[in-house]
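**Q** Handing you a structure now.
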(Lines give C-alpha, C1' and ligand atoms only; values in the text may rest on other atoms or scores of the structure.)
Protein backbone atom coordinates (compact mmCIF):
# COMPACT_ATOMS: atom_id res chain seq x y z
CA UNK A 1 0.00 0.00 0.00
CA UNK A 2 1.35 3.41 -0.99
CA UNK A 3 2.30 5.87 1.71
CA UNK A 4 -0.24 8.40 0.47
CA UNK A 5 -2.98 5.74 0.68
CA UNK A 6 -1.89 4.81 4.20
CA UNK A 7 -1.98 8.47 5.16
CA UNK A 8 -5.45 8.84 3.64
CA UNK A 9 -6.84 5.84 5.52
CA UNK A 10 -5.27 7.01 8.76
CA UNK A 11 -6.78 10.46 8.33
CA UNK A 12 -10.20 8.98 7.51
CA UNK A 13 -10.01 6.76 10.60
CA UNK A 14 -9.07 9.68 12.81
CA UNK A 15 -11.83 11.85 11.36
CA UNK A 16 -14.41 9.06 11.77
CA UNK A 17 -13.33 8.38 15.36
CA UNK A 18 -13.44 12.08 16.25
CA UNK A 19 -16.90 12.47 14.66
CA UNK A 20 -18.27 9.39 16.43
CA UNK A 21 -16.89 10.43 19.80
CA UNK A 22 -18.12 13.98 19.34
CA UNK A 23 -21.55 12.75 18.25
CA UNK A 24 -21.81 10.32 21.17
CA UNK A 25 -20.80 12.97 23.69
CA UNK A 26 -23.22 15.45 22.13
CA UNK A 27 -26.07 12.86 22.20
CA UNK A 28 -25.35 12.03 25.83
CA UNK A 29 -25.38 15.68 26.76
CA UNK A 30 -28.67 16.15 24.94
CA UNK A 31 -30.13 13.09 26.64
CA UNK A 32 -29.01 14.33 30.02
CA UNK A 33 -30.45 17.74 29.30
CA UNK A 34 -33.80 16.23 28.29
CA UNK A 35 -33.80 14.09 31.44
CA UNK A 36 -33.04 17.10 33.60
CA UNK A 37 -35.82 19.03 31.90
CA UNK A 38 -38.20 16.09 32.53
CA UNK A 39 -37.21 16.00 36.19
CA UNK A 40 -37.79 19.74 36.53
CA UNK A 41 -41.14 19.41 34.76
CA UNK A 42 -42.12 16.52 37.07
CA UNK A 43 -41.06 18.54 40.10
CA UNK A 44 -43.15 21.48 38.96
CA UNK A 45 -46.20 19.26 38.39
CA UNK A 46 -45.73 17.49 41.71
CA UNK A 47 -45.53 20.82 43.53
CA UNK A 48 -48.68 21.99 41.79
CA UNK A 49 -50.64 18.88 42.74
CA UNK A 50 -49.25 18.84 46.30
CA UNK A 51 -50.16 22.51 46.79
CA UNK A 52 -53.80 22.04 45.68
CA UNK A 53 -55.93 22.83 48.81
CA UNK A 54 -58.45 20.13 47.89
CA UNK A 55 -55.73 17.53 47.55
CA UNK A 56 -54.22 18.53 50.87
CA UNK A 57 -57.60 18.40 52.60
CA UNK A 58 -58.57 15.04 51.07
CA UNK A 59 -55.21 13.46 51.98
CA UNK A 60 -55.55 14.78 55.56
CA UNK A 61 -59.05 13.40 55.87
CA UNK A 62 -57.92 9.94 54.76
CA UNK A 63 -54.90 10.07 57.07
CA UNK A 64 -57.15 10.77 60.10
CA UNK A 65 -59.20 7.64 59.47
CA UNK A 66 -58.30 4.24 60.80
CA UNK A 67 -56.80 2.21 57.94
CA UNK A 68 -57.03 2.98 54.26
CA UNK A 69 -60.22 3.05 52.19
CA UNK A 70 -60.68 0.06 49.87
CA UNK A 71 -59.55 0.42 46.23
CA UNK A 72 -63.07 0.85 44.80
CA UNK A 73 -63.64 3.78 47.13
CA UNK A 74 -60.29 5.32 46.25
CA UNK A 75 -60.96 4.79 42.53
CA UNK A 76 -64.14 6.83 42.82
CA UNK A 77 -62.58 9.39 45.14
CA UNK A 78 -61.53 12.98 44.37
CA UNK A 79 -57.78 12.25 44.69
CA UNK A 80 -57.86 9.71 41.85
CA UNK A 81 -59.78 12.14 39.67
CA UNK A 82 -57.37 15.03 40.39
CA UNK A 83 -54.27 12.90 39.79
CA UNK A 84 -55.56 11.45 36.51
CA UNK A 85 -56.62 14.87 35.29
CA UNK A 86 -53.11 16.23 35.91
CA UNK A 87 -51.45 13.19 34.28
CA UNK A 88 -53.58 13.36 31.15
CA UNK A 89 -53.17 17.13 30.88
CA UNK A 90 -49.35 17.04 31.09
CA UNK A 91 -48.60 13.69 29.39
CA UNK A 92 -46.84 12.31 32.45
CA UNK A 93 -46.32 8.58 32.90
CA UNK A 94 -47.90 8.67 36.33
CA UNK A 95 -49.14 10.99 39.06
CA UNK A 96 -49.29 9.07 42.37
CA UNK A 97 -50.59 10.38 45.71
CA UNK A 98 -49.84 8.52 48.97
CA UNK A 99 -50.65 8.93 52.61
CA UNK A 100 -48.13 9.46 55.38
CA UNK A 101 -47.29 5.72 55.36
CA UNK A 102 -46.63 5.46 51.67
CA UNK A 103 -49.87 3.73 50.63
CA UNK A 104 -51.22 4.74 47.23
CA UNK A 105 -54.33 6.91 47.35
CA UNK A 106 -54.21 7.66 43.57
CA UNK A 107 -52.51 5.66 40.79
CA UNK A 108 -52.94 5.23 36.99
CA UNK A 109 -53.57 1.53 37.47
CA UNK A 110 -56.65 0.96 39.73
CA UNK A 111 -55.32 -2.42 40.83
CA UNK A 112 -52.37 -0.71 42.52
CA UNK A 113 -54.55 1.49 44.75
CA UNK A 114 -54.07 0.88 48.46
CA UNK A 115 -50.68 -0.73 47.93
CA UNK A 116 -47.36 0.62 49.08
CA UNK A 117 -45.36 2.51 46.45
CA UNK A 118 -42.51 0.56 44.78
CA UNK A 119 -39.96 3.34 45.33
CA UNK A 120 -38.84 4.70 48.67
CA UNK A 121 -41.03 7.68 49.74
CA UNK A 122 -39.11 8.40 52.94
CA UNK A 123 -37.29 11.48 51.65
CA UNK A 124 -40.48 13.22 50.59
CA UNK A 125 -42.30 12.09 53.75
CA UNK A 126 -39.38 13.55 55.65
CA UNK A 127 -40.19 17.00 54.28
CA UNK A 128 -37.73 17.26 51.35
CA UNK A 129 -38.34 17.46 47.64
CA UNK A 130 -36.35 15.08 45.45
CA UNK A 131 -35.91 14.32 41.74
CA UNK A 132 -35.29 10.71 40.74
CA UNK A 133 -34.53 8.42 37.83
CA UNK A 134 -35.58 4.93 38.67
CA UNK A 135 -37.70 2.01 37.56
CA UNK A 136 -41.10 1.46 39.10
CA UNK A 137 -44.13 -0.67 38.36
CA UNK A 138 -44.76 1.36 35.19
CA UNK A 139 -41.17 1.11 33.93
CA UNK A 140 -38.11 3.44 33.92
CA UNK A 141 -38.91 7.08 34.45
CA UNK A 142 -37.54 10.47 35.41
CA UNK A 143 -39.61 12.11 38.12
CA UNK A 144 -39.91 13.94 41.40
CA UNK A 145 -41.40 13.43 44.88
CA UNK A 146 -42.91 16.30 46.89
CA UNK A 147 -44.41 16.16 50.43
CA UNK A 148 -48.10 16.98 50.97
CA UNK A 149 -48.76 19.20 53.99
CA UNK A 150 -51.94 19.40 55.96
CA UNK A 151 -54.07 22.49 55.29
CA UNK A 152 -52.66 25.46 57.10
CA UNK A 153 -49.86 28.09 56.65
CA UNK A 154 -48.40 28.52 53.18
CA UNK A 155 -44.80 28.19 54.39
CA UNK A 156 -45.08 24.41 54.44
CA UNK A 157 -44.14 24.02 58.07
CA UNK A 158 -47.21 22.03 58.97
CA UNK A 159 -47.82 18.34 59.33
CA UNK A 160 -46.89 16.08 56.44
CA UNK A 161 -49.87 13.93 55.58
CA UNK A 162 -48.59 12.33 52.38
CA UNK A 163 -46.54 12.80 49.23
CA UNK A 164 -47.00 13.24 45.47
CA UNK A 165 -44.85 11.32 42.95
CA UNK A 166 -44.78 12.40 39.32
CA UNK A 167 -42.79 10.66 36.57
CA UNK A 168 -42.21 10.91 32.84
CA UNK A 169 -41.44 7.79 30.81
CA UNK A 170 -37.86 7.21 29.53
CA UNK A 171 -39.44 6.22 26.22
CA UNK A 172 -40.82 9.72 25.87
CA UNK A 173 -37.35 11.06 26.63
CA UNK A 174 -35.94 8.83 23.90
CA UNK A 175 -38.53 10.13 21.45
CA UNK A 176 -37.51 13.68 22.34
CA UNK A 177 -33.86 12.72 21.87
CA UNK A 178 -34.70 11.20 18.50
CA UNK A 179 -36.17 14.54 17.44
CA UNK A 180 -33.12 16.45 18.71
CA UNK A 181 -30.60 13.94 17.38
CA UNK A 182 -31.32 14.81 13.73
CA UNK A 183 -29.33 18.09 13.86
CA UNK A 184 -26.58 16.21 15.68
CA UNK A 185 -26.45 13.56 12.98
CA UNK A 186 -26.48 16.15 10.22
CA UNK A 187 -23.67 18.05 11.92
CA UNK A 188 -21.65 14.87 12.39
CA UNK A 189 -22.24 13.84 8.78
CA UNK A 190 -21.15 17.27 7.54
CA UNK A 191 -18.03 17.15 9.68
CA UNK A 192 -17.25 13.65 8.40
CA UNK A 193 -17.74 14.75 4.79
CA UNK A 194 -15.53 17.80 5.30
CA UNK A 195 -12.85 15.62 6.92
CA UNK A 196 -12.96 13.12 4.05
CA UNK A 197 -12.73 15.89 1.46
CA UNK A 198 -9.82 17.52 3.31
CA UNK A 199 -8.09 14.14 3.53
CA UNK A 200 -8.37 13.58 -0.22
CA UNK A 201 -7.10 17.09 -0.94
CA UNK A 202 -4.19 16.55 1.43
CA UNK A 203 -3.41 13.24 -0.25
CA UNK A 204 -3.43 14.92 -3.68
CA UNK A 205 -1.13 17.70 -2.44
CA UNK A 206 1.19 15.17 -0.82
CA UNK A 207 1.45 13.22 -4.08
CA UNK A 208 2.11 16.43 -6.01
CA UNK A 209 4.79 17.63 -3.60
CA UNK A 210 6.55 14.25 -3.53
CA UNK A 211 6.09 13.70 -7.30
CA UNK A 212 4.37 10.43 -6.51
CA UNK A 213 7.43 9.03 -4.72
CA UNK A 214 7.35 6.93 -1.59
CA UNK A 215 9.29 8.01 1.54
CA UNK A 216 11.82 5.23 0.97
CA UNK A 217 12.36 6.43 -2.58
CA UNK A 218 12.74 10.04 -1.40
CA UNK A 219 15.29 8.97 1.20
CA UNK A 220 17.23 7.03 -1.42
CA UNK A 221 17.13 9.98 -3.81
CA UNK A 222 18.43 12.33 -1.12
CA UNK A 223 21.36 10.02 -0.37
CA UNK A 224 22.09 9.58 -4.08
CA UNK A 225 21.85 13.33 -4.70
CA UNK A 226 24.29 14.15 -1.91
CA UNK A 227 26.69 11.45 -3.07
CA UNK A 228 26.56 12.55 -6.71
CA UNK A 229 26.52 16.32 -6.26
CA UNK A 230 29.34 16.33 -3.75
CA UNK A 231 31.35 13.68 -5.54
CA UNK A 232 31.57 15.20 -9.03
CA UNK A 233 34.08 17.82 -10.12
CA UNK A 234 31.52 19.63 -12.27
CA UNK A 235 29.54 22.46 -10.76
CA UNK A 236 25.80 21.90 -10.54
CA UNK A 237 23.28 24.68 -9.91
CA UNK A 238 19.60 23.84 -9.62
CA UNK A 239 17.01 26.59 -10.08
CA UNK A 240 13.48 25.71 -9.00
CA UNK A 241 10.45 26.67 -11.06
CA UNK A 242 9.81 29.63 -8.73
CA UNK A 243 13.27 31.07 -9.44
CA UNK A 244 14.85 29.99 -6.14
CA UNK A 245 18.27 28.31 -6.10
CA UNK A 246 17.60 24.81 -4.78
CA UNK A 247 20.99 23.15 -5.47
CA UNK A 248 24.46 24.66 -5.29
CA UNK A 249 27.06 21.96 -4.85
CA UNK A 250 30.60 22.34 -3.50
CA UNK A 251 32.13 22.25 -6.99
CA UNK A 252 29.97 25.19 -8.12
CA UNK A 253 30.99 27.14 -5.02
CA UNK A 254 34.66 26.44 -5.76
CA UNK A 255 34.49 27.21 -9.49
CA UNK A 256 32.55 30.47 -9.04
CA UNK A 257 34.49 31.41 -5.88
CA UNK A 258 31.20 32.03 -4.04
CA UNK A 259 29.77 30.84 -0.72
CA UNK A 260 26.76 28.57 -0.67
CA UNK A 261 23.86 30.62 -2.06
CA UNK A 262 21.19 27.93 -1.81
CA UNK A 263 17.79 29.51 -1.17
CA UNK A 264 18.58 32.85 -2.82
CA UNK A 265 16.65 34.24 -5.76
CA UNK A 266 18.40 33.36 -9.01
CA UNK A 267 17.62 36.70 -10.65
CA UNK A 268 19.38 38.64 -7.88
CA UNK A 269 22.15 36.14 -7.07
CA UNK A 270 25.79 37.24 -7.37
CA UNK A 271 26.63 35.03 -10.36
CA UNK A 272 27.90 36.01 -13.84
CA UNK A 273 25.20 37.48 -16.04
CA UNK A 274 25.93 34.97 -18.81
CA UNK A 275 24.72 32.17 -16.56
CA UNK A 276 21.43 33.99 -16.01
CA UNK A 277 21.07 34.48 -19.76
CA UNK A 278 21.20 30.69 -20.19
CA UNK A 279 18.03 30.25 -18.12
CA UNK A 280 15.84 32.64 -20.05
CA UNK A 281 12.61 31.07 -21.39
CA UNK A 282 13.83 31.59 -24.98
CA UNK A 283 17.19 29.91 -24.24
CA UNK A 284 16.02 26.33 -23.79
CA UNK A 285 18.22 25.08 -26.64
CA UNK A 286 21.07 27.56 -26.15
CA UNK A 287 24.60 26.35 -26.82
CA UNK A 288 27.22 26.13 -24.10
CA UNK A 289 29.13 29.32 -23.41
CA UNK A 290 32.46 30.10 -21.85
CA UNK A 291 32.50 32.21 -18.71
CA UNK A 292 35.45 33.66 -16.82
CA UNK A 293 34.75 33.53 -13.08
CA UNK A 294 36.98 33.22 -10.07
CA UNK A 295 40.10 33.29 -12.26
CA UNK A 296 38.89 30.27 -14.22
CA UNK A 297 37.51 29.63 -17.69
CA UNK A 298 34.26 27.71 -17.30
CA UNK A 299 32.07 26.06 -19.91
CA UNK A 300 28.46 26.57 -18.82
CA UNK A 301 25.36 24.87 -20.18
CA UNK A 302 21.75 24.87 -19.02
CA UNK A 303 18.94 22.37 -19.48
CA UNK A 304 15.26 22.58 -18.67
CA UNK A 305 14.18 19.94 -16.13
CA UNK A 306 10.81 18.18 -16.45
CA UNK A 307 9.10 15.40 -14.49
CA UNK A 308 6.34 14.05 -16.67
CA UNK A 309 4.58 17.34 -17.55
CA UNK A 310 5.65 19.28 -14.47
CA UNK A 311 8.21 22.07 -14.83
CA UNK A 312 10.98 21.53 -12.27
CA UNK A 313 13.09 24.53 -13.30
CA UNK A 314 16.65 24.62 -14.67
CA UNK A 315 19.90 22.74 -14.16
CA UNK A 316 23.10 24.69 -14.92
CA UNK A 317 26.29 22.65 -15.41
CA UNK A 318 29.76 24.18 -15.00
CA UNK A 319 32.92 22.51 -16.31
CA UNK A 320 36.40 23.86 -15.67
CA UNK A 321 38.38 24.42 -18.86
CA UNK A 322 41.22 26.37 -17.29
CA UNK A 323 43.60 23.44 -17.01
CA UNK A 324 42.57 22.21 -20.46
CA UNK A 325 43.37 25.60 -21.95
CA UNK A 326 46.69 25.70 -20.15
CA UNK A 327 47.56 22.21 -21.36
CA UNK A 328 46.48 23.21 -24.86
CA UNK A 329 48.77 26.20 -24.79
CA UNK A 330 51.62 24.09 -23.48
CA UNK A 331 50.97 21.59 -26.24
CA UNK A 332 50.94 24.41 -28.80
CA UNK A 333 54.24 25.63 -27.38
CA UNK A 334 55.73 22.14 -27.62
CA UNK A 335 54.45 21.81 -31.17
CA UNK A 336 55.86 25.19 -32.07
CA UNK A 337 59.24 24.32 -30.58
CA UNK A 338 59.16 21.02 -32.45
CA UNK A 339 58.63 22.94 -35.68
CA UNK A 340 61.56 25.18 -34.81
CA UNK A 341 63.74 22.16 -34.07
CA UNK A 342 62.81 20.57 -37.40
CA UNK A 343 63.76 23.76 -39.19
CA UNK A 344 67.06 23.94 -37.33
CA UNK A 345 67.67 20.23 -37.97
CA UNK A 346 67.25 20.95 -41.67
CA UNK A 347 69.74 23.86 -41.39
CA UNK A 348 72.14 21.64 -39.47
CA UNK A 349 71.89 18.94 -42.18
CA UNK A 350 72.70 21.53 -44.86
CA UNK A 351 75.80 22.56 -42.94
CA UNK A 352 76.93 18.92 -42.70
CA UNK A 353 76.34 18.49 -46.44
CA UNK A 354 78.50 21.57 -47.11
CA UNK A 355 81.37 20.16 -45.02
CA UNK A 356 81.04 16.79 -46.75
CA UNK A 357 81.18 18.53 -50.12
CA UNK A 358 84.43 20.37 -49.24
CA UNK A 359 85.97 17.10 -48.11
CA UNK A 360 84.90 15.20 -51.21
CA UNK A 361 86.54 17.67 -53.56
CA UNK A 362 89.67 17.94 -51.45
CA UNK A 363 89.09 21.49 -50.20
CA UNK A 364 90.30 20.72 -46.74
CA UNK A 365 91.31 24.27 -45.91
CA UNK A 366 87.89 25.54 -46.94
CA UNK A 367 86.26 22.91 -44.75
CA UNK A 368 88.51 23.85 -41.82
CA UNK A 369 87.68 27.55 -42.23
CA UNK A 370 83.97 26.76 -42.46
CA UNK A 371 84.14 24.69 -39.27
CA UNK A 372 86.00 27.45 -37.43
CA UNK A 373 83.35 29.93 -38.41
CA UNK A 374 80.60 27.57 -37.22
CA UNK A 375 82.44 27.06 -33.93
CA UNK A 376 82.65 30.83 -33.42
CA UNK A 377 78.99 31.56 -34.21
CA UNK A 378 77.39 28.30 -33.19
CA UNK A 379 76.07 25.58 -35.44
CA UNK A 380 72.49 26.76 -35.07
CA UNK A 381 71.08 30.26 -35.17
CA UNK A 382 68.41 30.96 -32.57
CA UNK A 383 65.26 32.32 -34.27
CA UNK A 384 65.01 35.38 -31.98
CA UNK A 385 67.63 38.07 -31.82
CA UNK A 386 68.88 39.25 -28.41
CA UNK A 387 67.78 35.95 -26.85
CA UNK A 388 70.86 36.21 -24.66
CA UNK A 389 68.95 38.79 -22.60
CA UNK A 390 66.83 35.89 -21.37
CA UNK A 391 68.99 33.75 -19.12
CA UNK A 392 66.13 31.40 -18.33
CA UNK A 393 66.11 28.49 -20.82
CA UNK A 394 62.36 28.04 -20.50
CA UNK A 395 61.69 31.61 -21.65
CA UNK A 396 64.24 31.26 -24.46
CA UNK A 397 62.62 28.08 -25.73
CA UNK A 398 59.07 29.38 -25.38
CA UNK A 399 59.69 32.72 -27.11
CA UNK A 400 61.77 30.96 -29.76
CA UNK A 401 58.87 28.62 -30.48
CA UNK A 402 56.45 31.54 -30.62
CA UNK A 403 58.87 33.28 -33.03
CA UNK A 404 58.73 30.34 -35.43
CA UNK A 405 54.94 30.24 -35.18
CA UNK A 406 54.67 33.99 -35.79
CA UNK A 407 57.09 33.76 -38.71
CA UNK A 408 54.82 31.23 -40.38
CA UNK A 409 52.04 33.84 -40.23
CA UNK A 410 54.28 36.53 -41.67
CA UNK A 411 55.00 38.30 -38.37
CA UNK A 412 58.44 39.08 -36.96
CA UNK A 413 58.70 38.41 -33.22
CA UNK A 414 61.54 40.27 -31.54
CA UNK A 415 62.84 40.89 -28.06
CA UNK A 416 63.06 44.52 -27.03
CA UNK A 417 66.39 46.00 -25.96
CA UNK A 418 65.08 46.84 -22.50
CA UNK A 419 64.69 43.13 -21.72
CA UNK A 420 66.66 41.67 -18.81
CA UNK A 421 65.80 38.35 -17.14
CA UNK A 422 68.46 36.93 -14.82
CA UNK A 423 66.30 34.66 -12.69
CA UNK A 424 64.64 31.40 -13.55
CA UNK A 425 60.93 30.64 -13.95
CA UNK A 426 59.44 28.73 -11.00
CA UNK A 427 55.83 28.64 -12.23
CA UNK A 428 55.98 28.01 -16.00
CA UNK A 429 52.27 27.25 -16.20
CA UNK A 430 51.12 30.76 -15.24
CA UNK A 431 53.94 32.34 -17.28
CA UNK A 432 52.83 30.33 -20.32
CA UNK A 433 49.22 31.42 -19.85
CA UNK A 434 49.98 35.14 -19.48
CA UNK A 435 52.82 35.49 -21.98
CA UNK A 436 51.27 33.12 -24.51
CA UNK A 437 47.91 34.92 -24.51
CA UNK A 438 49.50 38.34 -24.92
CA UNK A 439 51.81 37.17 -27.74
CA UNK A 440 49.01 35.31 -29.55
CA UNK A 441 46.73 38.36 -29.36
CA UNK A 442 49.55 40.61 -30.59
CA UNK A 443 50.37 38.28 -33.52
CA UNK A 444 46.68 38.16 -34.51
CA UNK A 445 46.49 41.95 -34.29
CA UNK A 446 49.62 42.30 -36.44
CA UNK A 447 48.26 39.90 -39.05
CA UNK A 448 44.98 41.81 -39.20
CA UNK A 449 46.66 45.23 -39.19
CA UNK A 450 47.19 47.51 -42.16
CA UNK A 451 50.92 48.22 -41.57
CA UNK A 452 53.33 47.09 -44.28
CA UNK A 453 55.76 45.60 -41.77
CA UNK A 454 54.22 43.14 -39.35
CA UNK A 455 56.00 42.73 -36.05
CA UNK A 456 55.51 41.94 -32.38
CA UNK A 457 57.96 43.14 -29.74
CA UNK A 458 58.23 41.57 -26.29
CA UNK A 459 60.09 42.99 -23.30
CA UNK A 460 60.57 41.08 -20.05
CA UNK A 461 62.09 42.24 -16.80
CA UNK A 462 62.30 40.13 -13.66
CA UNK A 463 62.45 41.24 -10.07
CA UNK A 464 63.29 37.93 -8.43
CA UNK A 465 64.70 39.55 -5.32
CA UNK A 466 61.40 41.29 -4.46
CA UNK A 467 58.54 38.80 -4.63
CA UNK A 468 59.72 37.00 -7.78
CA UNK A 469 57.81 39.37 -10.08
CA UNK A 470 57.97 39.14 -13.85
CA UNK A 471 57.09 42.30 -15.82
CA UNK A 472 55.90 41.73 -19.38
CA UNK A 473 55.29 44.33 -22.10
CA UNK A 474 53.95 43.26 -25.51
CA UNK A 475 53.46 45.63 -28.45
CA UNK A 476 52.42 44.98 -32.06
CA UNK A 477 52.11 46.67 -35.45
CA UNK A 478 48.33 46.26 -35.66
CA UNK A 479 45.62 48.89 -35.82
CA UNK A 480 45.07 49.19 -32.06
CA UNK A 481 41.93 48.53 -30.06
CA UNK A 482 39.50 49.76 -32.72
CA UNK A 483 38.10 52.50 -30.49
CA UNK A 484 37.49 50.24 -27.48
CA UNK A 485 38.27 51.54 -24.01
CA UNK A 486 41.22 50.29 -21.93
CA UNK A 487 38.86 48.36 -19.66
CA UNK A 488 36.45 47.17 -22.32
CA UNK A 489 39.06 44.88 -23.89
CA UNK A 490 39.15 42.81 -20.68
CA UNK A 491 35.43 42.05 -20.83
CA UNK A 492 34.45 38.46 -21.45
CA UNK A 493 33.97 37.72 -25.15
CA UNK A 494 35.61 40.95 -26.41
CA UNK A 495 37.48 40.56 -29.68
CA UNK A 496 38.62 42.79 -32.52
CA UNK A 497 38.40 39.95 -35.03
CA UNK A 498 36.29 40.70 -38.07
CA UNK A 499 34.51 37.36 -37.83
CA UNK A 500 34.52 36.22 -34.21
CA UNK A 501 34.06 32.56 -33.58
CA UNK A 502 31.53 30.99 -31.27
CA UNK A 503 31.84 31.72 -27.63
CA UNK A 504 32.51 28.11 -26.84
CA UNK A 505 35.59 28.19 -29.07
CA UNK A 506 37.37 30.33 -26.52
CA UNK A 507 37.93 33.49 -28.55
CA UNK A 508 37.54 36.70 -26.56
CA UNK A 509 38.41 35.20 -23.19
CA UNK A 510 42.23 35.35 -23.23
CA UNK A 511 42.65 38.85 -21.82
CA UNK A 512 39.95 38.31 -19.18
CA UNK A 513 41.64 35.09 -18.09
CA UNK A 514 45.09 36.70 -18.03
CA UNK A 515 43.90 39.61 -15.89
CA UNK A 516 42.09 37.32 -13.44
CA UNK A 517 45.16 35.10 -13.16
CA UNK A 518 47.48 38.06 -12.55
CA UNK A 519 45.15 39.63 -10.00
CA UNK A 520 44.81 36.33 -8.19
CA UNK A 521 48.58 36.38 -7.69
CA UNK A 522 48.52 40.04 -6.62
CA UNK A 523 49.53 41.45 -10.02
CA UNK A 524 47.78 43.32 -12.79
CA UNK A 525 47.33 43.49 -16.57
CA UNK A 526 46.55 46.81 -18.21
CA UNK A 527 46.69 48.72 -21.47
CA UNK A 528 49.60 51.17 -21.78
CA UNK A 529 48.77 52.40 -25.28
CA UNK A 530 45.58 51.88 -27.27
CA UNK A 531 47.36 52.19 -30.63
CA UNK A 532 46.32 53.93 -33.82
CA UNK A 533 45.03 52.72 -37.20
CA UNK A 534 47.95 51.94 -39.48
CA UNK A 535 50.22 51.22 -36.49
CA UNK A 536 51.78 51.03 -34.12
CA UNK A 537 49.18 48.98 -32.31
CA UNK A 538 48.25 48.47 -28.69
CA UNK A 539 50.76 48.01 -25.89
CA UNK A 540 49.89 45.70 -22.99
CA UNK A 541 51.74 45.39 -19.70
CA UNK A 542 51.43 42.49 -17.28
CA UNK A 543 52.88 42.20 -13.78
CA UNK A 544 52.91 38.63 -12.44
CA UNK A 545 54.33 38.18 -8.91
CA UNK A 546 55.71 34.95 -7.54
CA UNK A 547 56.76 33.28 -10.81
CA UNK A 548 60.52 33.97 -10.77
CA UNK A 549 63.27 32.46 -8.64
CA UNK A 550 66.64 33.88 -7.50
CA UNK A 551 69.30 35.01 -9.97
CA UNK A 552 72.49 34.17 -8.13
CA UNK A 553 73.81 37.61 -9.20
CA UNK A 554 75.14 40.25 -6.81
CA UNK A 555 72.86 43.15 -5.97
CA UNK A 556 75.23 45.72 -7.50
CA UNK A 557 75.02 43.86 -10.82
CA UNK A 558 71.25 44.24 -10.80
CA UNK A 559 71.28 48.04 -10.88
CA UNK A 560 69.29 49.35 -13.81
CA UNK A 561 70.98 51.54 -16.44
CA UNK A 562 70.72 55.27 -16.00
CA UNK A 563 68.57 55.53 -19.11
CA UNK A 564 65.90 53.45 -17.37
CA UNK A 565 64.64 50.02 -18.24
CA UNK A 566 61.55 47.95 -17.83
CA UNK A 567 58.02 48.11 -18.95
CA UNK A 568 57.34 51.66 -17.86
CA UNK A 569 60.24 53.10 -19.80
CA UNK A 570 59.32 50.94 -22.76
CA UNK A 571 55.95 52.60 -22.99
CA UNK A 572 57.52 55.46 -24.94
CA UNK A 573 60.03 53.46 -27.01
CA UNK A 574 58.19 50.36 -28.33
CA UNK A 575 57.26 50.34 -31.97
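The values are calculated or read from the model by the stated rules, or taken from the named source; none is laboratory data. Here the structure is a predicted model, which is why all the values come from computation and not from measurement. Here the Cβ positions follow ideal geometry from the backbone for every residue, glycine too, while neighbour counts run over all protein chains shown.
**Q** Answer yes if at least one residue in the stretch 21-38 is part of a helix (DSSP H, G or I), surrounded by 18 or more Cβ atoms within 10 Å (Cβ to Cβ), in contact (Cβ under 8 Å) with a residue 40 or more places away in the chain and touching a strand residue (DSSP E or B) at 6+ places or on another chain (Cβ under 8 Å), and no otherwise.
**A** So far as the stretch 21-38 goes, yes, one or more of its residues are part of a helix (DSSP H, G or I), surrounded by 18 or more Cβ atoms within 10 Å (Cβ to Cβ), in contact (Cβ under 8 Å) with a residue 40 or more places away in the chain and touching a strand residue (DSSP E or B) at 6+ places or on another chain (Cβ under 8 Å).
**Q** Same structure, new question: Mind telling me which of the residues 438, 413 ends up being within 50 Å of the chain's Cα centre (by Cα), buried (at least 20 other Cβ atoms within 10 Å of the Cβ) and either at pLDDT 85 or above or outside the structural domain of residue 533 (by TED's automatic domain parsing) (or both)?
**A** Only one candidate qualifies: 438.
**Q** I need a count of the residues in the stretch 242-260 that are part of a strand (DSSP E or B) and exposed (fewer than 15 other Cβ atoms within 10 Å of the Cβ).
**A** Number of matching residues: 0.
**Q** From the set of residues in the stretch 531-545 that are in a loop (DSSP other than H, G, I, E, B) and in contact with a helix residue (DSSP H, G or I) (Cβ under 9 Å, 6 or more places away or on another chain), which is surrounded by the most Cβ atoms within 10 Å (Cβ to Cβ)?
**A** 537
**Q** Answer yes or no as to whether residue 27 is closer than 20 Å to residue 184 by Cα and in contact with a helix residue (DSSP H, G or I) (Cβ under 9 Å, 6 or more places away or on another chain).
**A** So residue 27 fits the description; yes.
**Q** If you don't mind, another one. Return the residues of the stretch 248-284 that are within 26 Å of residue 310 (Cβ to Cβ) and touching a residue at least 60 places away in the same chain (Cβ under 8 Å); say none if nothing qualifies.
**A** 252, the sole residue that qualifies.
**Q** Quick check: is even one residue across the stretch 550-568 modelled with pLDDT of 50 or more and assigned to a loop (DSSP other than H, G, I, E, B)?
**A** yes
**Q** Which members of the stretch 119-128 meet the condition of being on the phi < 0 side of the Ramachandran plot and surrounded by fewer than 16 Cβ atoms within 10 Å (Cβ to Cβ)?
**A** Of everything in the stretch 119-128, those that are on the phi < 0 side of the Ramachandran plot and surrounded by fewer than 16 Cβ atoms within 10 Å (Cβ to Cβ) turn out to be 120, 122, 123, 126, 128.
**Q** Look at the stretch 3-20 and say how many of its residues are in contact (Cβ under 8 Å) with a residue 60 or more places away in the chain and loosely packed, with under 12 Cβ neighbours inside 10 Å.
**A** The qualifying residues number 1.
**Q** Report the residue count in the stretch 264-282 for those that are more than 18 Å from residue 253 (Cα to Cα) and either surrounded by 15 or more Cβ atoms within 10 Å (Cβ to Cβ) or at pLDDT 80 or above (or both).
**A** Final tally of qualifying residues: 4.
**Q** Of all residues in the stretch 516-527, which are surrounded by fewer than 22 Cβ atoms within 10 Å (Cβ to Cβ), in contact (Cβ under 8 Å) with a residue 24 or more places away in the chain and within 14 Å of residue 473 (Cα to Cα)?
**A** 526, 527
**Q** Sticking with this structure for a sec: Just the residues that are more than 17 Å from residue 436 (Cβ to Cβ) and either buried (at least 17 other Cβ atoms within 10 Å of the Cβ) or modelled with pLDDT of 60 or more (or both), please, taken from the stretch 496-515.
**A** If the condition is that a residue be more than 17 Å from residue 436 (Cβ to Cβ) and either buried (at least 17 other Cβ atoms within 10 Å of the Cβ) or modelled with pLDDT of 60 or more (or both), then 496, 503 are the ones that fit.
**Q** Could you list all residues from the stretch 203-235 that are touching a helix residue (DSSP H, G or I) at 6+ places or on another chain (Cβ under 7 Å) and within 30 Å of residue 298 (Cβ to Cβ)?
**A** Matches in the stretch 203-235: 230, 232, 233, 234, 235.
**Q** Here is a list: 206, 229. Which entry is surrounded by fewer than 16 Cβ atoms within 10 Å (Cβ to Cβ) and within 20 Å of residue 313 (Cα to Cα)?
**A** 206
**Q** Can I ask one more? For the stretch 446-470, which positions are surrounded by 21 or more Cβ atoms within 10 Å (Cβ to Cβ), in contact (Cβ under 8 Å) with a residue 60 or more places away in the chain and in a strand (DSSP E or B)?
**A** 457, 459, 460, 461, 462, 470
**Q** Let me ask you something else. I'd like the full set of residues that are modelled with pLDDT of 65 or more and surrounded by 14 or more Cβ atoms within 10 Å (Cβ to Cβ), limited to the stretch 164-173.
**A** Scanning the stretch 164-173 gives 164, 165, 166, 167, 168, 169, 170, 172.
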